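The values are calculated or read from the model by the stated rules, or taken from the named source; none is laboratory data. In this text, all values refer to a predicted model and were calculated from it rather than measured experimentally. Cβ coordinates were reconstructed from backbone atoms using ideal geometry, including for glycine residues, and neighbour counts include every protein chain displayed.
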Amino acid sequence: MTTRNDPISLKLSKSDFIHLYKACEDRREKLDVLQRTSDDEDVVADAGNDLVEIDMIMRQLKAEADALWGESGWTTSDEYL
């Protein structure tokens with residue numbers, strides 16, 4: 001039987017990693033807005049808890065990407081060059 005917190009290992013290309021990281025950034029932005037604008041205390045608390053979790057995930061993803069590709073070796077910017 002697998003427990004809920006068993007780790008998962010993924011191998012991602014750089015472009016797949018960037019798509020995943022951008023999705024995390026988008027989700028983080030939505031949670032941040034929700035936490036700042038909601039009048040429901042439960043929604044605010046849930047969004048805050050999810051923000052803490054996604055921040056931890058994003059820090060780990062960034063650390064692994066930086067170690068592999070270097071700090072400037074990947075980007076999540078949508079701006080035109």
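For segment 63-77, the condition of being modelled with pLDDT of 90 or more, out of contact with any Cys (no Cβ under 8 Å at 6 or more places or on another chain) and hydroxyl-bearing (S, T, Y) holds for none of the residues. If you check I18, I54 for being surrounded by 10 or more Cβ atoms within 10 Å (Cβ to Cβ), in contact with a Lys or Arg (Cβ under 9 Å, 6 or more places away or on another chain), touching a residue at least 24 places away in the same chain (Cβ under 8 Å) and in a helix (DSSP H, G or I), only one passes: I54. As for segment 27-42, it holds at least one residue that is among the small types (G, A, S), out of contact with any Lys or Arg (no Cβ under 9 Å at 6 or more places or on another chain) and surrounded by 11 or more Cβ atoms within 10 Å (Cβ to Cβ).
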